[in-house]
Amino acid sequence: MPTRSFAIWNNKGGVGKSTIAFHLASRQAEQKTKLNVLVIDLCPQSNSSMMLLGGGNKGENQVLNFCTRATPKTVVGYLSQVISGGPGAPLPNSKEFIIKVNKYNKSMPDNLFLLCGDGNLEPMAPAINLAASAPALTPASNPWLWIHQIFRNLVASLPKDRDWMVFIDTNPSFSIYTELAVSGADNLIVPVNADDSSRVATNAMFVLLHGTTPPHPVYGAWTYAERAKLSKLSVPKVHIIIGNRLTQYAGAAVAYKALSDATADTLFAAYTAHPSYFTKSIKPVKTIADFRDEYSVLLRDFNTAGVVSAHLGRPISSMKQGYYKVHGTDVKVSADQVREALKAIDSALARL
Ligand SMILES: Nc1ncnc2c1ncn2[C@@H]1O[C@H](COP(=O)(O)OP(=O)(O)O)[C@@H](O)[C@H]1O
Ligand SMILES: [Mg+2]
């Protein structure tokens, strides 16, 4: 099977991107032991890296340890090396930057890898922008394309002795590092909540990725969407929309619908106008019900089990019924909650 890559993105914060990255990646690695799973954390907040590296203070300190090295063992270290090498240089040795998670967090499977997040992505952003906007000095050179393909090239260069599944965690804002993150993946996983802002953000996502028709007379020419078209950069397609924790807002009555009606309407309209923005459907999609079946999945609230597992940086399957310490407080996790959370993650994974 060729390498499959998924960026987890919505142009809105707090919808569950990092939590979903953590649970999907750790569970996928645990279930498919012949597969290598890689998380590339392109959010400066580095939440998924912290969870993978042991959660809580332990995860935070480990991320800091990687970020503060002279050559950071992080996305920033990797980007710095590629950019300072210039467009023609061989790619850095990815082994120097990609971490085997299990070396730092024993509860994780040994086929799970991480290119760690780094808060210095934020101060580094102007340097990445500068490199991407450098003038092309020869007819064949395209600095914008070269910079935007950095993670796509990294994914393509992963050792071929095993199949890989890559999850890219992102920041909600469409900053340069988010542009690089989405450009690194073939597929998009889009978490949404039940609220209106989440629906509006999915519309913004299509505009940011594909532009408007016609393009804006002033800004249109320098958007990511227009430049990607000009440079023939491939833009990822929406593979699945995850209705995350909808029960929290909407109650049990709609718990079995992955998307609120308003969100489903909006996304189905986008699909009808531009089916090519989505991955190819398995079954024909004619109605909004077909669309819901094909492109959306419900991820129920993980309850305490999911939150404690993320805080402790442990795969959810390793949680037993009992009390766990979270910031000094004993928190109760029940076997039922673990089972339910695991079922929810597995049903999302089955759709990838
Ligand atoms: N399915 C879920 N069940 C319970 N809590 C969740 C779930 N998804 C996300 N959360 C919680 O919501 C908050 C925001 O999630 P996070 O993954 O950090 O969002 P994002 O990365 O999109 O900003 C976190 O406190 C996380 O624990
Ligand atoms: Mg996040």
Checklist entry - Could you give every pair whose Cβ atoms fall below 7 Å, whose first residue belongs to segment 87-105 and is over 13 Å from Leu158 (Cα atoms), and whose second residue is at pLDDT 95 or above and exposed (fewer than 15 other Cβ atoms within 10 Å of the Cβ), counting only separations of at least 6 or pairs across chains? => result Lys100/Asp110; Asn102/Asp110
Next on the checklist: Name the single residue that is nearest to Ile316 (Cα to Cα) among those in segment 55-74 being within 16 Å of ligand 1 (Cβ to nearest atom) and buried (at least 20 other Cβ atoms within 10 Å of the Cβ).
Outcome noted: Gly55
Item to check | Subset of segment 161-193 [charged (D, E, K, R) and away from ligand 1 (no atom under 11 Å from the Cβ)] | outcome: Asp161, Arg162, Asp163, Glu179, Asp186
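Does Asp196 fit the bill of being among the charged types (D, E, K, R), out of contact with any Lys or Arg (no Cβ under 9 Å at 6 or more places or on another chain) and surrounded by fewer than 18 Cβ atoms within 10 Å (Cβ to Cβ)?
Details: among the charged types (D, E, K, R): yes; out of contact with any Lys or Arg (no Cβ under 9 Å at 6 or more places or on another chain): yes; surrounded by fewer than 18 Cβ atoms within 10 Å (Cβ to Cβ): yes.
Yes.
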Next on the checklist: Quick check on segment 159-171: of everything there that is modelled with pLDDT of 95 or more and surrounded by fewer than 23 Cβ atoms within 10 Å (Cβ to Cβ), which residue is farthest from Trp222 (Cα to Cα)?
Outcome noted: Asp163
Next on the checklist: If a residue counts only when it is among the charged types (D, E, K, R) and either in contact with a strand residue (DSSP E or B) (Cβ under 8 Å, 6 or more places away or on another chain) or in contact (Cβ under 8 Å) with a residue 24 or more places away in the chain (or both), which helices (runs of 4 or more DSSP H) contained entirely in segment 265-352 have at least 2 such residues?
Outcome noted: 335-349
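Among the residues of segment 209-221, which ones are assigned to a helix (DSSP H, G or I) and surrounded by fewer than 19 Cβ atoms within 10 Å (Cβ to Cβ)? Reasoning before the result, please.
Restricting attention to segment 209-221, the residues satisfying the condition of being assigned to a helix (DSSP H, G or I) are 209-210, 220-221.
The answer is Gly220, Ala221.
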Checklist entry - Any idea which residue in segment 1-26 is nearest to the chain's Cα centre (by Cα), counting only those that are surrounded by fewer than 21 Cβ atoms within 10 Å (Cβ to Cβ) and more than 10 Å from ligand 2 (Cβ to nearest atom)? => result Arg4
Next on the checklist: I'd like to check something: does segment 98-120 contain any residue that is within 16 Å of ligand 2 (Cβ to nearest atom) and out of contact with any strand residue (DSSP E or B) (no Cβ under 7 Å at 6 or more places or on another chain)?
Outcome noted: yes
Checklist entry - List, please: which pairs have Cβ atoms under 8 Å, are six or more places apart or on different chains, and start with a residue in segment 1-18 that is more than 14 Å from ligand 1 (Cβ to nearest atom) and end with one that is among the small types (Gly, Ala, Ser) and at pLDDT 90 or above? => result Thr3/Ala156; Ser5/Gly184; Ser5/Ala185; Phe6/Ala185
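I'd like the full set of residues that are in a loop (DSSP other than H, G, I, E, B) and among the acidic types (Asp, Glu), limited to segment 188-207. Full working, then the answer.
Within segment 188-207, the first condition is being in a loop (DSSP other than H, G, I, E, B), and the residues that meet it are 193-195.
Hit for segment 188-207 is Asp195, nothing else.
Assess whether Leu52 counts as being of a type outside the set (Gly, Ala, Ser) and in contact with a Lys or Arg (Cβ under 9 Å, 6 or more places away or on another chain).
On the way: of a type outside the set (Gly, Ala, Ser): yes; in contact with a Lys or Arg (Cβ under 9 Å, 6 or more places away or on another chain): no.
Judged against the criteria, Leu52 is not a match.
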Next on the checklist: Between a residue in segment 150-170 that is without any contact (Cβ under 8 Å) to a residue 40 or more places away in the chain and under 16 Å from Glu96 (Cβ atoms) and any residue that is within 16 Å of ligand 1 (Cβ to nearest atom) and in a strand (DSSP E or B), which pairs come within a Cβ distance under 9 Å, given they are 6 or more apart or on different chains?
Outcome noted: none
Next on the checklist: Can you pull out every residue in segment 222-250 that is surrounded by fewer than 20 Cβ atoms within 10 Å (Cβ to Cβ) and at pLDDT below 80?
Outcome noted: Thr247, Gln248, Tyr249, Ala250
Next on the checklist: Take the conditions under 17 Å from Val308 (Cα atoms), buried (at least 17 other Cβ atoms within 10 Å of the Cβ) and within 16 Å of ligand 1 (Cβ to nearest atom) and apply them to Leu42. Does it pass?
Outcome noted: no
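The values are calculated or read from the model by the stated rules, or taken from the named source; none is laboratory data. Here the structure is a predicted model, which is why all the values come from computation and not from measurement. Every residue, glycine as well, gets a Cβ built from its backbone with ideal geometry; the counts of neighbours run over all protein chains shown.
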